[in-house]
Amino acid sequence: MATRVTLIPGDGVGPEVTEAAQRVLDGTGVAIEWDVRPMGAGAFAESGTPLPPDTLAAIRSSRVALKGPIETPVESGLRSVNLALRQKLDLFANVRPCRRYPGVPSRYDDVDLIVVRENTEGMYTGLELEHDTPEVEALISFIAATQGRTVRPDSGISVKEISAPAAERVVRFAFTWATEHGRKRVTASHKANIMKFSDGLFLEVARAVAAEFPDIAFDDRIIDALSMQLIQAPERFDVLVMPNMYGDLVAELCAGLIGGTGVAPGGHFGGTDGRELAVFEATHGTAARLTGTNRADPIGVILSAAMLLRHIGEQEAGDRVEAATAEVLADGTSVTFDLREPEDDRPAAGTFGVADAIVARL
């Protein structure tokens with residue numbers, strides 16, 4: 001029986017890179033029923049909403065999706081369609097594998113780590129008060145009355161929210177992921193030395209959860225120290241878990257270590273234990289200038305598709321996709337222009353040429 005997968009082509013180069021990933025997944029022989037659904041700027045132009053209810057219902061029904069990059073139209077009224085998607089489906093854990101594959105231009109040789117980002121709280125809740133409004137004036141008055149602190153009356157204020165339940169489930173997810181994938185260490189990152197009641201709570205919860213996993217080593221790093229140490233020696237780290245904004249920034253940093261977001265996969269997980277719903281996606285943007293040119297790099301979304309295969313129980317097929325992708329990257333013949341060294345004068349492959357080269361190696 002075929003597995004139904006919701007496919008969201010998205011905007012910009014999204015339709016091209018997701019079609020390339022489709023070719024690869026279909027080439028594995030795994031039976032997949034693709035349910036194509038709109039989201040983003042294209043959906044807004046067609047229906048007046050960038051996040052159609054029918055698309056959300058389709059993901060809830062299939063429980064797994066492959067998604068291209070999407071745009072958030074300013075006129076839609078949403079801060080971010082991606083943020084709204086994660087909140088509406090409670091996709092609380094973002095997993096960003098960062099592995100450097102031979103053949104990909106990079107300053108580093110040995111990078112193989114996982115960033116696990118809490119996806120629903122922190123600085124990205126959207127709880128903000130605009131400057132010079134009655135609401136922000138009331139909050140400033142409350143702060144003065146309860147904290148004895150003076151906040152400038154012309155300030156804009158964003159709320160950072162970290163709860164014990166949300167911290168507990170994402171840290172537990174990280175330890176469970178480490179256990180299931182043969183990882184040896186989990187590092188929690190924070191700024192608890194300054195933000196004692198928010199990041200301090202995250203660290204307190206992380207330490208409590210870590211005690212339940214004695215076979216996995218645990219340590220923690222202040223976020224600025226972690227950023228420096230990742231640049232100095234990324235091989236020192238294994239699985240990283242952290243609040244929302246830190247995870248966003250660190251995942252991009254780590255993508256830079258392995259050649260960029262074009263080769264960086266990602267998945268979002270939700271439900272009680274993070275296994276009930278999953279959306280796998282390209283981690284790069286829509287790259288509008290490359291739309292329709294057959295030049296966009298599909299590697300990241302193809303590796304995300306390999307994650308999808310493993311998620312639906314097709315471990316062997318997922319491993320074959322990753323191995324074939326690694327072979328194509330190491331060979332260097334059938335790769336897009338962004339993966340060429342400056343001195344490499346071989347012609348670059350197109351988006352679909354990359355996909356076909358991977359299929360040929362499956």
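The values are calculated or read from the model by the stated rules, or taken from the named source; none is laboratory data. The shown structure was predicted, so the numbers you read here are calculated from the model rather than taken from an experiment. All Cβ positions, glycine included, derive from the backbone under ideal geometry; neighbour counts span all protein chains shown. Keep in mind that these areas ignore ligands, DNA and RNA; they rest on the heavy atoms of the full protein, side chains included. Shrake-Rupley method; radii C 1.70, N 1.55, O 1.52, S 1.80 Å.
For the stretch 5-32, which positions are farther than 24 Å from residue 323 by Cα and assigned to a strand (DSSP E or B)?
Matches in the stretch 5-32: 6, 8.
Return the residue satisfying two criteria in turn: it lies in the stretch 174-207 and is under 25 Å from residue 125 (Cα atoms) and small (Gly, Ala, Ser), and of such residues it is surrounded by the fewest Cβ atoms within 10 Å (Cβ to Cβ).
200
Which of the numbered conditions does residue 99 fail, given that it passes all the others? Conditions: (1) under 21 Å from residue 8 (Cα atoms); (2) surrounded by fewer than 22 Cβ atoms within 10 Å (Cβ to Cβ); (3) among the basic types (Lys, Arg).
(1)
Quick check: anything in the stretch 183-192 among the small types (Gly, Ala, Ser) and more than 19 Å from the chain's Cα centre (by Cα)?
yes
Out of the strands (runs of 3 or more DSSP E) lying entirely within the stretch 222-294, which hold 1 or more residues that are open to solvent by 40 Å² or more (accessible area, probe 1.4 Å) and out of contact with any Gly (no Cβ under 9 Å at 6 or more places or on another chain)?
Here the list is empty.
Six or more apart or on different chains, Cβ under 8 Å: which pairs go from a residue in the stretch 273-295 that's on the phi < 0 side of the Ramachandran plot and among the acidic types (Asp, Glu) to one that's in a loop (DSSP other than H, G, I, E, B) and surrounded by fewer than 22 Cβ atoms within 10 Å (Cβ to Cβ)? Could you list them?
If the second residue must be in a loop (DSSP other than H, G, I, E, B) and surrounded by fewer than 22 Cβ atoms within 10 Å (Cβ to Cβ), the pairs left are 276/63.
Could you please let me know if residue 298 is surrounded by 19 or more Cβ atoms within 10 Å (Cβ to Cβ), at negative phi and out of contact with any Leu (no Cβ under 7 Å at 6 or more places or on another chain)?
Spelling it out, residue 298 is indeed surrounded by 19 or more Cβ atoms within 10 Å (Cβ to Cβ), at negative phi and out of contact with any Leu (no Cβ under 7 Å at 6 or more places or on another chain).
Considering the stretch 43-79 alone, what residues qualify as being assigned to a helix (DSSP H, G or I), under 25 Å from residue 265 (Cβ atoms) and out of contact with any helix residue (DSSP H, G or I) (no Cβ under 9 Å at 6 or more places or on another chain)?
58, 61, 62 - these are the residues of the stretch 43-79 that are assigned to a helix (DSSP H, G or I), under 25 Å from residue 265 (Cβ atoms) and out of contact with any helix residue (DSSP H, G or I) (no Cβ under 9 Å at 6 or more places or on another chain).
Which of the residues spanning the stretch 125-158 are open to solvent by less than 60 Å² (accessible area, probe 1.4 Å), closer than 22 Å to residue 79 by Cβ and touching a residue at least 12 places away in the same chain (Cβ under 8 Å)?
If the condition is that a residue be open to solvent by less than 60 Å² (accessible area, probe 1.4 Å), closer than 22 Å to residue 79 by Cβ and touching a residue at least 12 places away in the same chain (Cβ under 8 Å), then 125, 126, 129, 136, 139, 155, 156, 157, 158 are the ones that fit.
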